[in-house]
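To start, the structure under review is shown below, and the notes come after it.
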Amino acid sequence: MPSTNERAPDPRPARTRAAIFAAARDLTAADGEVTVNALAQRAGVSRAAFYSHFSGLDDLMAAMLSHMFDSSRERGIAYARQGRSLHDAVRFGFGMLTAYVELHHTFLRGALDWKFSHRTYTILVDTMVGLYGEALRLLGDEVPAHLRTEDACRSIVGGCLTLVVHWLLATEQQAQDGVALDATALLDSILTTAPSWYTGLEPGGPTGAAELMGICRQVKADEES
C-alpha cells in the first residue's frame, strides 16, 4: 500500500499548461501581435508561470503540435485495432489532421502570423515524417523500393502541409464572415494527391472523403469535449 505520507500530484502545473494552450487557440491575428505577455494575460497567468513551462513561442507551438500528433497517433492505433487495414489507418490519420485543422481554423490561421523561428516548422515536419515513416515501414513491399526513404516521407508531408496552408488562407474571409467551414474538400485533395501506394486508393477513383470526414469530426469532437 502507498504510504499515507505520499502526496497526490499537484494539479496546478497541468491546469496552467491547459490554460496557456486554450489562450493560444483563442488568440488570432485580429488580437494584434501574439506575444508571451498577450498569451499570459489571456491565460490568466504570470510571465514567470509561462516561462516555467515554455521557453518561448516556438516551444509552446512545439508542445501543442506534439500534443495534437500524440493524440492522433493514439486514435489511429485504436482505429487500426478495430480490424482496419493499414491503408485505412493511413487515410484515418489524414482525416484526423484535417478535422483538427477544420475545428481549430481560427487558431491555425492566426498562428501563421506568429513570429516563429524556422525551428517550429522543422519540428512540425520532423514529427509528421516520423509518423508517416512508421506507416511506410509497415507497408513494406507495397511501397516502391526506391521510395522507401525519409525523402519520400518529406515529400508527402510537404504536399500535405502546402494544401493545409492554402486552405487556411483561402477560407479566411469565410471564417471572418461567420460561415461554417467544411474541410471535406481539403481532405479530398490530400487523399487524391498523396501516393496511391500510401493511401491504398485507386488513382482517379473516389476517396470517400465525406464519410471519413464525418467519422473524424465526431472522434475529434468527443476527444475535445
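Bear in mind that the values in this text are calculations on the coordinates, not laboratory data. All values reported here derive from a predicted model rather than from experimental measurement. Glycine gets a Cβ as well: all are built from the backbone with ideal geometry, and neighbour counts include every protein chain shown.
Some points to look at:
- When each of the peptides 160-170, 44-54 is scored by the mean number of other C-beta atoms lying within 10 Å of its residues, the order from highest to lowest reads 160-170, 44-54.
- Fully extending the segment from D59 to S46, taken as 0.36 nm per residue of separation minus the present Cα-Cα distance, adds 3.0 nm.
- Length released on extending from V165 to R81, taking residue separation times 0.36 nm less the Cα-Cα span: 27.1 nm
- With each label modelled as a point 7 angstrom along the Cα→C-beta vector, the E142-T193 pair spans 2.3 nm.
- Folded to 0 to 90 degrees: helix 150-170 orientation relative to the chain principal axis, Cα: 70 degrees
- Per-residue packing, averaged as other Cβ atoms within 10 Å, sorts the ranges 141-149, 70-78 into the order 70-78, 141-149, beginning with the highest.
- Pair-distance distribution of the chain: all C-alpha pairs, bin width 5 Å, starting at 0; shares per bin in whole percent are 1, 6, 13, 16, 18, 15, 12, 8, 5, 3, 2, 0, 0.
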